[in-house]
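Below: the structure, in C-alpha cells.
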Amino acid sequence: MYCQGCWIAACVDKGYAFLSKLREQFIWLILIFFLSACHHQPHNNPYPSRDDKANVYYGAFSTPPKTLDPAKSYTVNEAQFISLIYETPLEYHYLKRPWALKPLLAEGLPQIRYLDAQGLPTLDRLKAKSSEYIIHIRPGIYYQPHPALARDTQGQLVYAHLSPAQAQHYHQISDFTQTGTRELTADDFVYEIKRLASPQVQSPIYGLMSGHIMDLAHLRARLEMQMQKNPKTPLDLRDYSFSGAEVLDRYTYRIRLSDPYPQFMYWLAMSFFAPYPWEADRFYSQPGFAHQNISIDWVPIGTGPYQLSQNNPNALLQLIKNPNFHREKLPQGLAHYAGEELPKIQGLEFYSEKESIPRWNKFLQGYYDQSGIGSDSFDAAIAYNAQGLPELKPKLRDQGIKLQISTEPSIFYLGFNWQDPIVGGADPKAQKLRQALSIAIDMQEYIQIFLNGRGQLAQGPLPPGIWGAKTGSDAFNPFIFKKEQGQVKRRSLAEAQKLLTEAGYPNGIDVKTGKPLKLTLSIASDSRIDEGTLYTWFIQQFAKLNIELNIESTTYNRFQDKLNSGATQIFFSGWLADYPDPENFLFLLYGPNGKVKYGGENISNYQNADFDREYLAMSRLRKGPERQAEIDRMVAEVQEDAPWIWGFYPVSFQLSQPWVFNNHANPLVNNALKYMALDPEQRFKSRLARNKLAVWPLWLMGLTLGLIMVCLWYLHRQQKNKKPASISIKGKGPLC
Amino acid sequence: MLIYLLRKILYAIPVILAVNVLTFMLFFKLNSPDDMARMQLGQKYITTEALMGWKKAHGYDKPVFYNTQASSWHAFTDTLFFEKSVKLLIFDFGLSDSNRDIGQDLKTRMGPSLAVAIPSFILSIVLSIVIALFMVLYRNTGFEKFLIVSCIILMSISTLFYIIGGQFLVAKTWHWVPLSGYMPGWGQFKFIILPVVIAALSGLGANARWYRAIFLEEINKEYVQLAKAKGLSGFQIAFYHVLPNGALPILTGVVVLIPSLFMGSLLLESFFGIPGLGSYTIDAILQQDFAIVRVMVYLGTVLYLLGLILTDLTYSYVDPRVRLE
C-alpha cells in the first residue's frame, strides 16, 4: 500500500463519521416526512405554502419570451403577457361572434375619413386615395408605477440622468426606490408609432406599415441618418416631426394613411399601437442598464390590468395587479361577476415548463389552472362519443374539469407553386391535375391520424368565424365534394383519375414522355410530429393516383429560402390570422403579393386577374351584401383554380379547472385573464384531495433494504466462518 | 510544475481557437444570419430591409471569416469571427441576440445547475464505489451476480426512461415531490431530490462495473494477500486497502468532469424545469441565438481543458511517482 494513499484512508474514516451523522439526520428526515403527511399541505406542491389560498392564477409557458416590447413582439406566446400589461386603443369583444372591435383606451371607435386624390373627404371607398383615423382617448388613465416616471419635488425625472457610476448600483428594477406615474396622453400613442420606424427598435411590422402610414419611410430615413452621424447617441423621437401621426390635443391624435386601408382598424387592437411614454426610452437608454437586463424588452411599462413584478424568463414571470388600473367592468353575459370591476384575479404566475408531460401532470394535480391537450395526453383526456363528438374522459369530468373547443382563425394547406411548369399556372390541364390531387388527398384522414380529430376540413381560404366565411351544409367546395342524398361526400377516386387523364397523365403516366409523373412536396421539418408516418401517409395519398411523390424535408429556414426563390412544386404551410377580416386570408392569393416577384405573403405565387380586381374592391367595401357577393365570387374562383389543397382549420381544445370562472374560448383575445376569476379555497381543497401522499412505497423500500442487509449479514457470516485461504507466492508454495 | 502548467495553458489556446472556428463554421453552415434575423423578427411580413436592419444592429452584416471589401489586415479584423471572438476570449460575453446580458444570465443560472450537478455527481461516485467494492468483496457469489445483472439493467435503460418513470412514480403517483420546478434557497430541496437521484442512478451501472474492474485488478495483488494473511476482514481490506489504491484510475475519470458540472444537464433541467445552464443551452439552440451558443461552447471547452489540467495536478498529488515536468 502506498503511504501517500493514506489521505484516502483518512477520507474514508471521515466519510464514516459523516455518514453516521447523516444517518441520524436521515432518521429525522423520515420522521418529518411521516409527520408532515398529517399536515394539510400536499408534499408535491411546487409553490410556497403561504400562497396556498392566494387569489393567484398559475399558468405555464414552454418558450420564454424574447421581448416584451410592444413594438417588437409578434408571437402568440409573448402576446399573452404583453396584452395584460399594455393596452391598445381598441380590443376584441370577449364574447361576441363574429369577432367585433370595441374601444379600450379610445373613447369610441375611430372616426375614419377617406380622402380623394385632391385630399378632399369622400364617401366612396373605392375611389379614395388616402385615409385618416382620428382617435379620442379616455382621460384619467394612468401608467403603472415605474421608476422611469418618478419625479422629484421640482418635477424633474429622478432617474433620467444617472452617471455611469450611479447606474452601476442598479441591478434590477426593484433596486429603484422611487416610482411614479403620469396620465396617458395622445403623445404616447404618436410616440409609439414613431418607434415602429426606429432603427433602434427594429419593429417587424415596419415594412408593412411603411406602405400604409404616411411619412413613416421618410421618418425612418431621417432616423437612420441621425444614427449614422451619432451612432452612440440614443434617439429622442420627440424631436422628429411626423405627418403620419400627429397629436391634435391632449387626448386626440390622428393617423394618416397613404391608402384607404379599412383593415387598419384591426391593427389598433394590436400591441404595436399601444401607448409608450417617452420617459421610458430616456430611462432605459442610460449606460449600463442593458447589461443588467434593465430594458424595455424585459421591464415593460403599460396601463394594463397587470404589471410585471418579476421577469425571470428562465423560470417565472410574475404579474401583479396594477394599482393605477382604470375602472373597467366585466361585460354583461359572463356567468360570474358580470358588471363588476375587473380584474378579479390578484396575481398571475407563469412557470417555465419545457416538456409537455410534466406540464400535463401538474394540471391534473391541480397546480395549473388551465391547460391545452398535447397529442401524447389526448387519449387520456378525450373520448369521442357515438355521435363522433369529443367529450372529456369520466375521470376528468368527475373532477369538474371543463372542456372548451374553438376553431382557430387559421388555415393549413398544401400549396401549389403557380410558377411550376407541371402543377402551376392557369392552363386547364394543370388546373385539372390540381383538382385531381385535391380529391385524392384526404385531409379528413390527416385530421384524424395526425391531429386526433382536432381540425375542421377546409372548403376554402376562409375559416369559420371570419366575416364572409360561409358555414353550413351548403358551404362545400363543389370541385372536391358533392351532395348525395342530402349528405356532402368527397368525390370518388374514379373522378380524380378522370381529371388526371384529362390533365394528360392517364393512370399517372405523362403522355408526352411516357414516364410516370413524379412530384415533389417540400415540408419544413417539425420535431413535434412523427415525420416518418406523415411522409408515408403523403406518399400513399399521391399513390392513389399512381403519382410518385418525392418529399423534401428541410429546416424551417431552408424551407423559407425555397419559398422565396420559388424552388418548390408543392409545399405544406399555414397562416394564422392577424385580424378577423377576409382580407387577411384572401391577400394570401392576391397576385401583387406574390412571394417570388414582390416578396409578399402569397407564397404560392397565385395569379388571377379577376381575383386580383375583386380583391381590391372587396378589401375596401363595407361589410354588407355587396362585399359578401364579392367574397363568394373570389372563393368560388380559387376553389376552381385550386392553387391550394384546402387543408384544415385547427380546432383547439382547452381545459380549465373547476375553480376557474368566466373562461370563454376566444383565440383572438390574448388578455382573457382580465375577465376571469378563481375560487382559491376550492382549489386548495381539490389539490389536497388529488395529491394524497402514498406511504406504502416507503415500507416496501424499507423491506427491500432490510432483505439486502440480511443477505449481506449472511454473506458476511459465511465469509467469516470460512477457513482462511492459504497464501501462495508464485513458485514458492503456500506460506501458511 | 509551474512551467508544466504554463505549457498546458499555452497548448490550450490553439485548442480554444480551433473550437471557436469550428463553432462558427458549423453554426453558419446551418444558419445564415438571415435565418437568425427571421427567427428573431418573426415569420410574417418580413422584408429584406428588415432583415438587413436586424443584422446591422446585431453585427451580423459582416462576412464570417474574410472580408473581401476590406484591405490588408482589416480583411481579417473586420469580420464576424474577429469581432465576436476577441471579446469572448477575454470573457466579455456581451448581449444575446434577444438583448439579454449573457454574463448576468450565466451567473443566475449557474446556481440551479450546480445544485443538481454536485450532489448527483457525489452520490453517483460514492454509490458506484460502494457497490463496486461489495461486488469485489462478495465475488463469485450469488450476491455479486445479482449486482452485476442489476448494473447491466441500469446501464441498458435510457436516461429519459429514468426521468419519465421517476416523475410518474415518485411525483405523479406517490405525490412525494413536485413534478418540476425550482425555488432558490432551502426550498429547492424538494425540487432537486428526484433529479439528483435519477442523475446518480442513470450513471450507476456503468460506473460500478468500471470501478469493479479496477478493484478486481487490485484485489489479486500481493499486498491484499498479505493483508488477508494478517487476518484483516474482507471489509477492512476492501475499504482501507483496495479503495485507496484503486482510487488513482478513478480520479482520472472523475476530476476531468468536475469543471464541466457548471454546464448543467440538458435533459434533466429541461424535464424538471430547473432554470440552469443546460436548459439555457437548449433554448439558445432552439432559438438560434448564436451569441449564447458560442459562449456555451467556449465555456465548455475552457472547462474541459481545465478539467484535464486538474486531473494532471491531482495525479501528482495522489501518486508522488508522477512528476509534472
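Springs between Cα atoms under 10 Å define the GNM used for chain B, and in it the highest mean-square fluctuation of B:Val116, B:Val86, B:Val255 occurs at B:Val86. Buried surface between chains A and B: roughly 6700 Å² of accessible area, summed over both sides, computed with a 1.4 Å probe on protein heavy atoms only. Residue by residue, segment A:200-212 carries 3J(HN,Hα) couplings of 6, 9, 6, 6, x, 9, 4, x, 5, 6, 5, x, 10 Hz when phi is fed to the Karplus relation 6.51 cos²θ - 1.76 cosθ + 1.60 (θ = phi - 60°); x denotes Gly or Pro.
For chain A, the 222 nm mean residue ellipticity estimated from helices alone, with every DSSP H stretch of n ≥ 4 adding -39500 (n - 2.57) and the total spread over all residues, rounds to -9500 deg cm²/dmol. Using the average count of surrounding beta-carbon atoms within 10 Å as a protection proxy, the listed peptides A:583-589, B:206-212, A:335-341, B:134-140 rank, highest first, as A:583-589, B:206-212, B:134-140, A:335-341. Taken along its three principal axes, the alpha carbon spread of chain A comes to 114, 86, 59 Å, from the longest extent down to the shortest. Past the 29 Å Cα-Cα mark, which pairs from A:Lys362/A:Lys393; A:Lys66/A:Lys393; A:Lys674/B:Lys190; B:Lys29/B:Lys87? Too far apart for the 29 Å limit: A:Lys66/A:Lys393; A:Lys674/B:Lys190.
Build a GNM of chain B with springs between Cα atoms under 10 Å apart, and of B:Leu308, B:Leu133, B:Leu51 the one that fluctuates most is B:Leu51.
With all projection directions averaged, the alpha carbon convex hull of segment B:2-90 covers 7.5 nm². Only one residue of A:Ala148, A:Ala280, A:Tyr191 has its Cα farthest out toward the positive end of the dipole of segment A:89-289, where Lys and Arg carry +1 and Asp and Glu -1 on Cβ, and that residue is A:Tyr191. Between the residues A:Phe585, A:Gly244, A:Ser377, the greatest Cα displacement towards the positive end of the dipole of chain A, with unit charges on the Cβ of Lys, Arg, Asp and Glu, is found for A:Ser377. Using alpha carbons only, how many angstrom separate the centre of segment B:204-254 from the centre of segment A:210-231? Using only Cα atoms, the two centres lie 75 Å from each other. Note on segment A:501-516 and segment A:315-361: Cα centroid distance 60 Å, given to the nearest whole angstrom. Counting Cβ atoms of other protein chains within 10 Å of each Cβ in B:93-102 and taking the mean gives 5. Karplus-based coupling profile of segment B:9-19, in residue order and whole Hz: 5, 5, 4, 5, 4, x, 5, 4, 4, 4, 5, with θ = phi - 60° in 6.51 cos²θ - 1.76 cosθ + 1.60 and x standing for Gly or Pro.
Taken as Cα centroids, segment A:70-101 and segment B:258-325 sit 42 Å apart, rounded to the nearest whole angstrom. For chain B, the Cβ-based charge dipole about the Cα centre amounts to some 640 debye (Lys, Arg positive; Asp, Glu negative; other atoms uncharged).
Remark on A:Glu91: its backbone amide H falls under 5 Å from those of A:Lys102, A:Leu104, a criterion applied only to residues 5 or more positions apart or on other chains, H modelled at 1.01 Å from N. Expressed as a fraction of 2.2 N^0.38 Å, the value expected for a compact globular protein of N residues, the C-alpha radius of gyration of segment A:89-289 is 1.14. Rounded to 0.05, the FRET efficiency of the A:Ser163 and B:Trp210 pair, given R0 = 51 Å and the Cβ-Cβ distance, is 0.30.
Kirkwood hydrodynamic radius of segment B:106-324 from all distinct Cα pairs, in Å?
19.3 Å
Each of A:Leu500, A:Ile523, A:Phe538 was placed along the dipole of segment A:498-570 (beta-carbon charges, centred on the mean Cα), and the one lying farthest toward the positive end is A:Leu500.
If R₀ is 56 angstrom, what is the calculated FRET efficiency for the pair B:Thr141 and A:Asp376, using the beta carbon separation as r and rounding to 0.05? So the FRET efficiency works out to roughly 0.80.
Taking only the alpha carbons of segment B:120-165, we obtain Rg and Dmax values of 12.2, 35 Å in that order. Comparing mean-square fluctuations of B:Ala200, B:Ala57, B:Ala284 from a GNM of chain B with C-alpha springs under 10 Å, the top value falls on B:Ala57. In terms of packing, defined here as the mean over residues of other Cβ atoms within 10 angstrom, the peptides B:98-105, A:477-484, A:347-354 line up highest first as A:347-354, B:98-105, A:477-484. When nucleic acids and ligands are ignored and a 1.4 Å probe is applied, A:Met265 ends up with an accessible area of around 30 Å². Sorting A:391-399, A:452-460, B:120-128 by average packing, meaning the other beta carbons within 10 Å per residue, from highest down gives A:452-460, B:120-128, A:391-399. Think of each Lys and Arg Cβ as +1 and each Asp and Glu Cβ as -1; about the Cα centre, that makes the dipole of chain A roughly 2580 debye. For segment B:108-125, 3J(HN,Hα) computed residue by residue from phi via the Karplus equation (6.51, -1.76, 1.60; θ = phi - 60°) reads 5, 8, 5, x, x, 4, 5, 4, 8, 5, 5, x, 5, 5, 5, 4, 4, 5 Hz, glycine and proline entered as x. The mean number of partner chain beta-carbon atoms within 10 angstrom of a residue's beta-carbon across peptide B:274-280 is 3. Backbone amide hydrogens, once placed in the peptide plane, bring A:Ile382 within less than 5 Å of A:Lys393, excluding anything fewer than 5 places away on its chain.
Here the calculated FRET efficiency for A:Asp239 and A:Tyr337, from their Cβ-Cβ distance with R0 = 41 Å, stands at 0.30, rounded to the nearest 0.05.
Summing Lys and Arg as +1 and Asp and Glu as -1 over all other residues whose Cβ lies under 12 Å from the Cβ of A:Gly119 gives a net charge of +1.
About its Cα centre, the dipole of segment A:53-107 is roughly 240 debye, where the only charges are +1 on Lys and Arg Cβ and -1 on Asp and Glu Cβ. Inter-label distance, A:Lys515 to A:Lys229: 6.3 nm, where each label sits 7 Å from its Cα along the C-beta direction. Legend: mean number of C-beta atoms from other chains within 10 angstrom of residue C-beta atoms, peptide A:694-700, equals 2.
The values are calculated or read from the model by the stated rules, or taken from the named source; none is laboratory data. Model, not experiment: these values are computed from the prediction. Glycine also receives a Cβ, built like all others from the backbone with ideal geometry; neighbour counts cover every protein chain displayed. Quick note on the areas: whole protein, heavy atoms, side chains included, nothing else; ligands and nucleic acids left out. Shrake-Rupley method; radii C 1.70, N 1.55, O 1.52, S 1.80 Å.
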